[in-house]
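The values are calculated or read from the model by the stated rules, or taken from the named source; none is laboratory data. In this text the structure is predicted, and so the values were computed from the model without any measurement. Cβ sites come from the backbone with ideal geometry, for glycine too, and all protein chains shown count toward neighbours.
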């Protein structure tokens, strides 16, 4: 069906249907299609029927939102996890990114306002997880769609306060895509200054449309 | 009637087979649409970097309209200075369009200042062109932006709509979360290590003509950013200077570092330093000798901050005079390290 200004490429003749509206909503409905609904596989999504939901959807949840690494040690690497869960109906997927907030003038990382636990690496550069006794702080990420640089959690990255660091991404729609972000820290025998340290990481997810 | 139903069935099955969701459903004429925010927590100020590619472009006098959901609110006084627009080149923005200058105005659409309309004067965006629009403190061209848009008060997926050039339209989703930040914390306990080695030193027989010395060592390390102090003193009935227990002593040099003079009754020490950030403290920090017993416990070494192991070498020196009473003289000093936490 077409006119001088538009074309409906695949229209359908059904037994009923109409456009309805009130002050607070609009509704287009139809009646009589034989096969409707949504089905999907790992790589495809099929939405059957003439009327389709065209509202993009993107959600993110983070739990827990506090991670206490406890007393840092020279003998072990302290770890703590948070899980970020994303759902999106974008056929181009999404990107998940993170940065560390500036705290009391210190650019990023685990800080106490004056001092900081040394970054594990240059932000954005992946290195093998440092051993206990090496002063470091950073994150590693696991999950089906975690950024490849983390190599299943065996490599660590540090976060920047000016540039987003990639955590993960997916190239199509997904429901409940989980990313486990593990914070890792250890200290040097005596050069790591005594203090209570903290960091704040901001996560964002960007839908691709 | 039977024939009509058969036709209807065929048409329905045909439509089922082709009605697969296409990208154009979400972005008619727009592609590569995304919004990079700085915060995605509810009721929180955020910058936006919105990027898209327009199939049709924008003609002179055309508009780009970005509408946030009704529970997003632009800060009071948010205006064109809080917006940057880039399309091949950075575009000049003002409150109203004028020739090559684009107008940038925030208006109300279901809530306060949640719609941005960019209006061209004579400027255009070419078909197939990519446009980047920054809203908030990230708008640094010209007057730096200082106003942002507050995220929705409610959580969930929120839809932003775009209308470009009156022809291309699109939507994108942004997630508004209960929390978009993770606070991590860890504690490094205070650390202070200290030890004295060579705790017993013997001068042997003191001489009238030659200097007699012997050394002891102590080590200290800390992770205190304020460092530590080490004092020299005595404990209980210990004697600060060499004493024979019969009322005779070898005179301590005192608070002023002094060179060794054989034939003169002297007892003192100096401290050498190796490694770490520790340092000897006057009067023990020179090549000469001192022993300020009046100041006991007297700070003889310290570190101003975090320090790996510093090794201090205390060189004790004793001289006697011709009238020094014969006997076996001893002294015992107690060193104490105190961390400054």
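Does the range A:78-104 hold any residues that are closer than 23 Å to residue B:189 by Cα and either more than 11 Å from chain B (Cβ to nearest Cβ) or modelled with pLDDT under 90 (or both), and which are they?
So the first thing to find is which residues in the range A:78-104 are closer than 23 Å to residue B:189 by Cα, and the list is A:78-81, A:103-104.
Hits for the range A:78-104 are A:103, A:104.
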Residue in the range B:179-196 that is farther than 30 Å from residue A:111 by Cα, surrounded by fewer than 18 Cβ atoms within 10 Å (Cβ to Cβ) and touching a residue at least 60 places away in the same chain (Cβ under 8 Å) present: yes
Single condition residue A:163 does not satisfy, out of (1) away from every other protein chain (no Cβ under 11 Å); (2) within 30 Å of residue B:162 (Cα to Cα); (3) not in a loop (DSSP other than H, G, I, E, B): (3)
Scan of the range A:178-197 for residues that are in contact (Cβ under 8 Å) with a residue 12 or more places away in the chain, at the interface with another protein chain (Cβ under 7 Å from one of its Cβ atoms) and crowded, with 19+ Cβ neighbours inside 10 Å, ordered by number: A:183, A:185, A:187, A:192, A:193, A:195, A:197
Filtered residues of the range A:57-77 (kept if within 16 Å of residue A:178 (Cα to Cα), more than 7 Å from chain B (Cβ to nearest Cβ) and in contact (Cβ under 8 Å) with a residue 60 or more places away in the chain): none
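Within the group B:209, B:161, B:251, B:215, which residue is in contact (Cβ under 8 Å) with a residue 40 or more places away in the chain and over 45 Å from the mean Cα position of the chain (by Cα)? Don't jump to the end; show me each part of the working.
Values: B:161 fails: over 45 Å from the mean Cα position of the chain (by Cα); B:251 fails: in contact (Cβ under 8 Å) with a residue 40 or more places away in the chain; B:215 fails: over 45 Å from the mean Cα position of the chain (by Cα).
Exactly one of B:209, B:161, B:251, B:215 is in contact (Cβ under 8 Å) with a residue 40 or more places away in the chain and over 45 Å from the mean Cα position of the chain (by Cα), namely B:209.
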Residues of the range A:166-207 classified as closer than 28 Å to residue A:131 by Cβ and outside any strand (DSSP E or B), total: 8
Enumeration of residues in the range B:80-107 that are assigned to a loop (DSSP other than H, G, I, E, B) and either buried (at least 20 other Cβ atoms within 10 Å of the Cβ) or in contact with a strand residue (DSSP E or B) (Cβ under 7 Å, 6 or more places away or on another chain) (or both): B:92, B:95, B:96, B:97
Members of the range B:153-178 that are within 30 Å of residue A:117 (Cα to Cα) and crowded, with 23+ Cβ neighbours inside 10 Å: B:177
Sole residue being more than 30 Å from residue A:62 (Cα to Cα), modelled with pLDDT under 95 and over 27 Å from the mean Cα position of the chain (by Cα), chosen from B:110, B:142, B:128: B:142
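If you take the residues of the range B:164-191 that are part of a loop (DSSP other than H, G, I, E, B) and over 24 Å from the mean Cα position of the chain (by Cα), which of them is farthest from the other protein chains (Cβ to nearest Cβ)?
Restricting attention to the range B:164-191, the residues satisfying the condition of being part of a loop (DSSP other than H, G, I, E, B) are B:165-167, B:178-180, B:189-191.
Pick out the ones that are also over 24 Å from the mean Cα position of the chain (by Cα) and you get B:165-167, B:178.
Values: B:165: 15, B:166: 12, B:167: 10, B:178: 7 Å.
Filtering first and then ranking leaves B:165.
Might you let me know whether the range B:267-285 holds any residue that is touching a strand residue (DSSP E or B) at 6+ places or on another chain (Cβ under 9 Å) and over 18 Å from residue B:230 (Cα atoms)? Before you say what the answer is, go through the steps one by one.
Filtering the range B:267-285 for residues touching a strand residue (DSSP E or B) at 6+ places or on another chain (Cβ under 9 Å) gives B:267-285.
Applying the additional criterion that residues be over 18 Å from residue B:230 (Cα atoms) yields B:267.
Yes, that holds for at least one residue.
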Check on residue A:157, more than 7 Å from every other protein chain (Cβ to nearest Cβ) and either in contact with a helix residue (DSSP H, G or I) (Cβ under 8 Å, 6 or more places away or on another chain) or at pLDDT below 95 (or both): yes
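Please count how many residues of the range A:177-208 are under 26 Å from the mean Cα position of the chain (by Cα) and under 24 Å from residue B:183 (Cβ atoms).
Here is the first cut: in the range A:177-208, the residues under 26 Å from the mean Cα position of the chain (by Cα) are A:177-186, A:197-208.
Right, trim to under 24 Å from residue B:183 (Cβ atoms) and you get A:177-186, A:197-206.
Here the count works out to 20.
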Residue match in the range B:228-237 (condition: within 14 Å of chain A (Cβ to nearest Cβ), under 39 Å from the mean Cα position of the chain (by Cα) and part of a strand (DSSP E or B)): yes
